[in-house]
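The structure appears right after this line, and notes come after that.
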Amino acid sequence: MGCPPCTTAAIPPLVGRGRANLDVFFDKFGARCADREFNVGPHYTVADIATLCVVDFAAFVDIPIPERCANLKRRHADIQTQPRTAASLLRSEA
């Protein structure tokens, strides 16, 4: 399974701006993850799921979490092991 090929040409300035903004996201969340277990408050929330989605979509288009963002890499791995997230990921792979 996968997405059909995109037939719309990329607009280079938008691609560049998107990558730059993603880089800012990685750095900000990498720093934020240093001293927190979850994005907002003491519990797993939709904010954690949104972070997982951004990181997973970036990886889908071959933009992995940069090595410099070790805290975000750890957080991403932790979120994937949350029971609800893990169950959702298993359903999507079936």
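Coordinate-derived values only; no laboratory data. Because the structure is predicted, anything quoted here is derived from the model rather than measured. Heads up, the Cβs are rebuilt from the backbone with ideal geometry, glycines too, and the neighbour counts pull from every protein chain shown.
Take the residues of region 55-72 that are assigned to a loop (DSSP other than H, G, I, E, B) and within 9 Å of the chain's Cα centre (by Cα): which is surrounded by the most Cβ atoms within 10 Å (Cβ to Cβ)?
Out of the qualifying residues, it is Ile65.
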Worksheet item: Does region 34-42 contain any residue that is within 14 Å of the chain's Cα centre (by Cα), in contact (Cβ under 8 Å) with a residue 24 or more places away in the chain and either surrounded by fewer than 16 Cβ atoms within 10 Å (Cβ to Cβ) or closer than 22 Å to Ala20 by Cβ (or both)?
Response: no
Quick check on region 47-54. Is at least one of its residues surrounded by fewer than 17 Cβ atoms within 10 Å (Cβ to Cβ) and not in a helix (DSSP H, G or I)?
no
Condition set among the β-branched types (Val, Ile, Thr) and assigned to a helix (DSSP H, G or I), scope region 1-38, selection farthest from Val55 (Cα to Cα): answer is Val15
